[in-house]
Amino acid sequence: MAKYSFLSLGTLCLLVLFHGCLARQQQEHTQPQHQFRGEKSKCQLYNLDALEPFRRVEAEAGLIEYWDQNDDQFQCAGVAAFRITIEPNGLALPAYHNAPQLIYVVQGKGVLGLLLPGCPETFQRHQQSEDQDSRSQTSTKQDRKSKRSEDQYSKSQRLDDQHQKLRFFKQGDIIAVPNGAAYWFYNDGDTPVVAFSFSDTTNNVNQLDDRMRKFYLAGHVQEEQEQQQQQQQQRGSSSSRRQQKAEQESSGNNIFSGFDVKLLAQAYGVRKETARKLQGENDQRGPIIHVKEGLQVIKSILSEDEEQQQEKNVKENGFEETLCNMRLRQNIDKATSADIYTPLGGRVTNLNSQSLPILGFLQLSAERGYLYKNSMLSPHWNMNAHSVIYVLSGEARVQIVGDSGHTVFDGQLRKNQLLILPQNYAIVKQAGDDGFEWISFKTNDNAMISSLAGRASVIRSMPEEILVNSYQISNEEARRLKFKREEMLVFKPKSESHGRSAAM
């Protein structure tokens with residue numbers, strides 16, 4: 001009897017533990033994934049502006065342009081942004097951020113190294129044989145003696161070079177980078193790589209503060225002094241103080257420079273001279289360096305077709321979406337992947353955690369849009385996210401309206417400009433004569449919009465009588481409001497005489 005009581009008690013404890021864990025898991029899944037985005041005063045925006053980069057960091061093989069995080073619009077949304085340009089054979093040195101980011105490749109192609117702790121080093125590269133090493137040595141006898149201990153170690157071990165998976169990227173790719181994950185970029189093409197980066201600084205995984213912080217693992221960051229002085233003169237003393245604060249946070253050596261040389265040498269088992277080189281004290285090349293003879297390691301990377309074929313051949317076993325195996329990039333430029341398409345109007349493609357599961361971990365999503373000549377994107381608002389709109393080409397007339405019915409933005413949005421759309425603010429876009437292309441990043445992995453016009457709009461969803469009484473219009477006018485537009489989200493021009501845009 002006592003035995004059965006003991007078993008019943010044990011079973012009851014297991015059930016309680018199981019339901020407790022399940023409830024905790026459900027609570028973690030349903031609770032808000034973002035901190036409250038700033039104080040209320042930070043989101044009381046009465047005017048929005050089309051923003052351009054505030055400062056720049058020039059390097060040996062490229063440059064980085066930052067938008068001002070201290071701007072009220074960035075403070076409201078709790079986000080940060082920068083644009084990076086990498087010249088051919090340029091290497092953006094390894095670094096990591098305190099907040100998750102999405103990177104859109106505007107142009108060019110190259111190689112990404114994303115380093116995830118605990119993931120296996122699945123790629124190997126054989127070193128030269130000992131005989132080849134001896135023939136290639138040109139050091140003096142004194143140098144050989146000083147390096148004897150390291151040489152003996154390397155020759156006795158003869159380990160192959162091992163590293164984590166490398167990935168090709170190309171124009172139109174969205175790349176997801178978890179917070180705290182070190183990464184680097186290399187341009188193996190013939191044209192510059194240009195990429196736009198968006199960081200969600202108020203995401204719960206960032207426990208520092210609401211500023212984007214970049215931690216370099218190599219190199220030495222130096223600001224362009226002349227550019228800073230010009231910006232200070234243009235923006236005045238208050239902006240100058242803000243900029244000086246931003247410079248203090250972003251400029252300086254890599255993280256190794258703060259460690260004692262002796263401790264570094266002991267940690268890696270190398271000479272002090274090697275440890276000093278890790279600190280990059282005299283390295284004047286900046287955060288993007290030129291690789292003279294190119295990187296040979298990229299020859300071991302699978303092509304995109306081979307990688308897709310390999311994914312098809314893998315049998316599902318329930319463990320495909322661990323962090324080490326998750327897909328970190330997806331091309332969003334393909335016309336065939338459009339979610340909404342209107343002939344003569346344009347198309348919109350959404351990327352969320354349903355199509356790229358790692359976005360559920362980052363709590364971010366993206367939208368890629370094309371509007372043809374004079375076409376329009378239906379007036380709408382974001383239901384559950386802020387949005388950062390970056391213009392890729394063309395221009396558009398854009399209007400944004402706040403909660404009081406006040407127009408907070410009414411103007412032209414042009415290439416390389418950025419505009420922040422706060423949650424629930426209504427927006428409408430109409431392309432100019434050259435069309436309009438944009439990429440939007442949103443602070444929710446399944447961001448939702450609500451349209452004001454078109455087939456899926458709130459107006460069409462209302463009963464006719466509600467419209468008649470709300471707007472004091474006739475039944476005929478109400479029916480026109482509801483059914484005149486049959487398109488979903490992208491509206492073609494009123495008549496074909498407005499012209500057709502260039503090919504998709």
(request) Beta carbons within 10 angstrom, averaged per residue: use that to sort the peptides 448-458, 357-367, highest first. (result) 357-367, 448-458
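Would you please put 410-421, 86-97 in order of how densely packed they are, using the mean number of other Cβ atoms within 10 angstrom per residue and starting with the highest?
Details: 410-421: 17.9, 86-97: 20.9.
With the highest mean Cβ count within 10 Å placed first, the list reads 86-97, 410-421.
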(message) I want to make sure I understand the PRE zone here: with the label point 7 angstrom from the Cα of Lys334 toward its beta carbon, which residues in the stretch 173-192 have backbone N atoms less than 18 Å away?
(response) 173-176
(message) Not counting ligands, DNA or RNA, and with a 1.4 Å probe, what is Trp381's accessible surface area in Å² rounded to the nearest 10?
(response) 70 Å²
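Taking all protein chains in place and a 1.4 Å probe, what share, in percent, of the accessible surface of the stretch 333-491 do carbon and sulfur account for? Don't skip to the end; give the middle numbers.
Working: 3260 of 6830 Å².
Within the stretch 333-491, the accessible surface is 48 percent carbon and sulfur.
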(message) Could you order the peptides 388-400, 254-266 from most to least packed, using the average number of other C-beta atoms within 10 Å per residue?
(response) 388-400, 254-266
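Over the stretch 333-491, give the accessible area per residue in Å² for a 1.4 Å probe, as an integer. Working shown, then result.
On the way: 6830 Å² over 159 residues.
On a per-residue basis, the stretch 333-491 sits at 43 Å².
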(request) Assign unit charges at the C-beta atoms only (+1 for Lys and Arg, -1 for Asp and Glu), then state the dipole size of the stretch 333-491 relative to its Cα centre in Debye, rounded to the nearest 20. (result) 200 debye
(request) For the stretch 333-491, please report how many Lys pairs fall under 23 Å Cα to Cα, leaving out neighbours fewer than 8 apart on the same chain. (result) 12
(request) Would you mind working out the accessible area per residue for the stretch 40-96, using a 1.4 Å probe, and quoting it in Å²? (result) 36 Å²
(message) Through the Karplus equation 6.51 cos²θ - 1.76 cosθ + 1.60, θ set to phi - 60°, convert the phi angles of the stretch 409-426 into ³J(HN,Hα) values in whole Hz; use x for Gly and Pro.
(response) 8, 8, x, 8, 10, 10, 3, 6, 8, 10, 9, 9, 10, x, 4, 6, 6, 8
(request) Pick out, from Ala456, Tyr390, Tyr372, the residue whose Cα sits farthest towards the positive end of the charge dipole of the stretch 333-491, with +1 on the Cβ of Lys and Arg and -1 on the Cβ of Asp and Glu. (result) Tyr372
(message) Stokes-Einstein diffusion coefficient for the stretch 333-491 at 10 °C in a medium of 1.306 mPa s, Rh from the Kirkwood formula over Cα pairs: what value in µm²/s?
(response) 97 µm²/s
(request) Quick one: accessible surface of Thr274, probe radius 1.4 Å, all protein chains present, in square angstrom to the nearest 10. (result) 50 Å²
(message) As an exercise, use a Förster radius of 25 Å and the Cβ-Cβ distance of Asn384 and Glu52 to find the FRET efficiency, rounded to the nearest 0.05.
(response) 0.30
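The values are calculated or read from the model by the stated rules, or taken from the named source; none is laboratory data. Nothing here was measured: the structure is a model prediction, and the numbers come from that model. Backbone-built Cβ (ideal geometry, glycine too); neighbour counts: all protein chains shown. Accessible surface is based on the protein model in full, side chains and every heavy atom, while ligands, DNA and RNA are left aside. Shrake-Rupley method; radii C 1.70, N 1.55, O 1.52, S 1.80 Å.
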